[in-house]
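S.K.: So that we are looking at the same thing, I have put the structure below in structure tokens.
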Amino acid sequence: MGKTGSMRNTQQRGIAIGPILAVVAILAVLASAIAAGSGAFNGDTSAVKAKAQATAILEYAEEVKFAVDRVLGKGCTDTEISFENPIVSGYTNPNSPSDKSCHVFDVNGGGIVWKNPPDNISEYGEYFYSGAHGFVGTSSPVGGPNPTQELALLLPDIPRNICEEINKLLSDGTSIINIGNVFGFVEQSKFNGTYRYGYTILNNLPFSICLKTNLTHYDPVANPRVETGEYHFYKVLIAH
């Protein structure tokens, strides 16, 4: 009886352990699936975030373009346009009317507010408005009354994946134009009503795209650095 009882107990334990092992195996499979799903979800979240940030940049650039067109429609000349604002200094335009009807960032002018790009997108930290870069048509390094530089919005120093998402939204492609010219964002090239010799003189580029430059100059006083392999977005506001 003792031996038989012992065998019965062993069999019962075996029978009890079997379902437990099965449950453990199922839980392990579920854990693996959740872990794999979590990784995929995180990856998708990153891609979705990049697209959302690229969309925000393009939407604001279009908002600025609309505001520039609005002041032009009021009779402002391009040299009267002012990007003066209460956030970032350096954009005072002495040619602009005192009633601020040609101010992009004023209710009497373009009617929009200054915005910075999405957080942590640009190492530069702000949109840049310049009349010192040539993009479309056939440009030459000539300023003054007959400029070939464009009035443009620029966003320097953005990540490559954001650059690619911008180009996807603009042209359904990820190709990034690679240029070797000097690309400048110095204080002296902020638009103040005059066009000047450009830090970037290119030819026959799109009106808006993200590109890569092999040489970027920043403000030699406030931000004295020169970098290579930087990605920059621009949108032409007025072409010449």
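S.K.: What per residue convex hull volume, in Å³, do the alpha-carbon atoms of the stretch 75-228 yield?
M.R.: Values: hull volume 19.5 nm³, N = 154.
For the stretch 75-228, the hull spanned by Cα atoms encloses 127 Å³ per residue.
S.K.: Taking only the C-alpha atoms, wrap a convex hull around the stretch 151-197 and report its volume per residue in Å³ as a whole number. Before the final figure, lay out the partial values.
M.R.: Details: hull volume 4.8 nm³, N = 47.
So the per-residue Cα hull volume is 102 Å³.
S.K.: Against the globular-protein guess of 2.2 N^0.38 Å, express the Cα radius of gyration of the stretch 185-240 as a ratio, rounded to two decimals.
M.R.: Compared with the compact-globule rule of thumb, the stretch 185-240 sits at 1.21.
S.K.: What does the convex hull of the Cα atoms of the stretch 52-130 come to per residue, in Å³, rounded to a whole number?
M.R.: Working: hull volume 7.0 nm³, N = 79.
Expressed per residue, the convex hull around the Cα atoms of the stretch 52-130 is 89 Å³.
S.K.: Also, I was wondering about something else. Could you tell me what a quarter of the Cα convex hull surface of the stretch 49-90 works out to, in nm² with one decimal place? If you can, show how the numbers build up before the last one.
M.R.: Values: hull surface 15.7 nm².
Taking a quarter of the hull surface, the average projection is 3.9 nm².
S.K.: Tell me which lysines have Cα within less than 27 Å of K65's Cα, excluding those fewer than 8 residues away on the same chain?
M.R.: Filter leaves K49, K51, K74, K100, K115, K168, K190, K212, K235.
S.K.: Return the long-range amide H neighbours of N181 (sequence gap of 5 or more, or a different chain), with a cut-off of under 5 Å between placed amide H atoms.
M.R.: For N181, the qualifying residues are N214.
S.K.: Once ligands and nucleic acids are excluded and a 1.4 Å probe is used, how much of D99 is accessible, expressed in Å² to the nearest 10?
M.R.: The accessible area comes out at roughly 90 Å².
S.K.: Suppose accessible area is computed on protein heavy atoms with a 1.4 Å probe; arrange Y197, Y60 from highest to lowest.
M.R.: On the way: Y197 140, Y60 10 Å².
In descending accessible area the options line up as Y197, Y60.
The values are calculated or read from the model by the stated rules, or taken from the named source; none is laboratory data. Just so we're clear, the structure is a prediction, and the values are computed from it rather than from any experiment. Keep in mind that these areas ignore ligands, DNA and RNA; they rest on the heavy atoms of the full protein, side chains included. Shrake-Rupley method; radii C 1.70, N 1.55, O 1.52, S 1.80 Å.
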